Amino acid sequence: ATPLAIDVDADAILDYVYAGDLQGNLWKFDLTGEVASDWDVAYKNGFVPKPLFQAKDVHGNPQPITTKPDAMFHCDKEKSGNIVVFGTGKYLGGQDLSTTGTQTLYAVWDYGDDADNSEYLGSFERTQNNVLSNQPQTVSLLQQIVEFYGVINNLSYRILSDNEIIWKTQADTEFLENPDPSGVEENHAGWYFDLPDEKERIVRDLVIRDKKVIAISSIPQTDSPCVAGGETYLMEIDACTGGRLTSPQLDINDDGKIDSGDLIDLGIPGLPPLPPSGIKYPTMMFPPMIIDNPDDDTELKYFSTSAGNIIIATEKDEGAGKFYWRQID
């Protein structure tokens, strides 16, 4: 898969690279050395290179990673490391048209220190309470699921759960560096969402914007590799938890605004209207070009499709602003 490079040190040009492979391995490469001969896989068991994480489905089958991960600093400012978000799925040849294995959207916490190359997460052991093979039994991944699926104005929507993520840590007593996930209290080292539709997979690059994951899942609908048919889910979810967002992001009533009119009332007593987490389109879509709307707090996402047309989605904008400034007297 194409790697993602992130610069986490202002004094360096490049520090780390994350990349996936067809065996579900998410690798981290340490490029902090001053010369290329010092660059290496970040994690090892002795002298054996180890990925940060290996994605597996409920049957223990590796889930292929064929798109770029994206990364951000931890959502809790008191915690170090990066949250790495990526999806699984493959659409590279004719044999992939008929595959129906469950694919997943993941976020994992890379908390490891440079001084300790053994702090990788390990493989995802779903049959053992979603724990991670190189972590204490108290460390798992939080699951989010679809809580609502329905059709509004001829388009299908899904709303995800909002299960709470737990970040509990303990002191790193061996290297006396940044804290590790707790080995005595139940906690999470990330989250996951299994894509529920048959043949649904992540084969388009996702992006993190303003702590939201914008992901496109693809559902091939033809047995011919020469026909570009299928469907797409455009999803916007909380990058910190994997669950639904607290405010609307998608213009579902098509009035050009993002407001309370873009919430879905499930008709459940005591439950307020909820923002949709994903919208389904009857075509295969590709990652968008994003243009800010200067007149309000929305942005326009222009998606090209396999049918050769353009879909324009009005969504809430990133809300970017000044990160710092310098005053010269």
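The values are calculated or read from the model by the stated rules, or taken from the named source; none is laboratory data. Quick caveat, the model's predicted, so the values are computed rather than measured. Cβ: placed from backbone, ideal geometry, glycine included. Neighbour counts: every protein chain shown. In case anyone asks, the SASA skips ligands and DNA or RNA and just uses the protein heavy atoms, side chains included. Shrake-Rupley method; radii C 1.70, N 1.55, O 1.52, S 1.80 Å.
Here are the numbers for this structure:
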read-out	value
Selection within segment 29-73 - in contact with a Leu (Cβ under 9 Å, 6 or more places away or on another chain), of a type in the set (Gly, Ala, Ser) and within 20 Å of residue 130 (Cβ to Cβ)	55
Any hit, segment 204-217, residues being modelled with pLDDT of 95 or more, closer than 22 Å to residue 22 by Cα and of a type in the set (Ser, Thr, Tyr)	yes
Conditions (1) open to solvent by 20 Å² or more (accessible area, probe 1.4 Å); (2) in a strand (DSSP E or B); (3) not aliphatic (A, V, I, L, M); number of the one not met by residue 109	(1)
Strands (runs of 3 or more DSSP E) lying entirely in segment 226-323 (those with 1 or more residues that are in contact (Cβ under 8 Å) with a residue 60 or more places away in the chain and hydroxyl-bearing (Ser, Thr, Tyr))	230-238, 278-281, 310-316
Tally of residues being over 26 Å from residue 103 (Cα atoms) and either free of Cβ contacts under 8 Å to residues at least 40 places away in the same chain or open to solvent by 50 Å² or more (accessible area, probe 1.4 Å) (or both) across segment 155-182	11
Of the criteria (1) in contact with a Phe, Trp or Tyr (Cβ under 9 Å, 6 or more places away or on another chain); (2) within 30 Å of residue 292 (Cα to Cα); (3) surrounded by fewer than 18 Cβ atoms within 10 Å (Cβ to Cβ), which one residue 211 fails	(1)
Residues located in segment 134-161, provided they are under 23 Å from the mean Cα position of the chain (by Cα) and part of a loop (DSSP other than H, G, I, E, B)	134, 135, 138, 145, 161
In segment 284-294, the residues that are buried (at least 18 other Cβ atoms within 10 Å of the Cβ) and among the polar types (S, T, N, Q)	none
Residue in segment 178-194 that is closer than 21 Å to residue 216 by Cα, modelled with pLDDT of 90 or more and in a loop (DSSP other than H, G, I, E, B) present	no
One residue from 88, 127 being open to solvent by less than 20 Å² (accessible area, probe 1.4 Å) and polar (S, T, N, Q)	88
Pick from segment 132-154, criterion of a type outside the set (Ser, Thr, Tyr) and at pLDDT below 95, ranking: most open to solvent (accessible area, probe 1.4 Å)	154
Condition met for residue 178 (closer than 24 Å to residue 144 by Cα and of a type in the set (S, T, N, Q))	no
Matching residues in segment 29-57 - criterion: being in contact with a Gly (Cβ under 9 Å, 6 or more places away or on another chain) and touching a residue at least 24 places away in the same chain (Cβ under 8 Å)	42, 43, 50, 51, 52, 53, 54, 55, 56, 57
Within segment 267-283, considering residues that are open to solvent by less than 50 Å² (accessible area, probe 1.4 Å) and of a type in the set (A, V, I, L, M, F, W, C), the one nearest to residue 219 (Cα to Cα)	279
Counted residues, segment 114-124 - those being in a loop (DSSP other than H, G, I, E, B) and crowded, with 17+ Cβ neighbours inside 10 Å	4
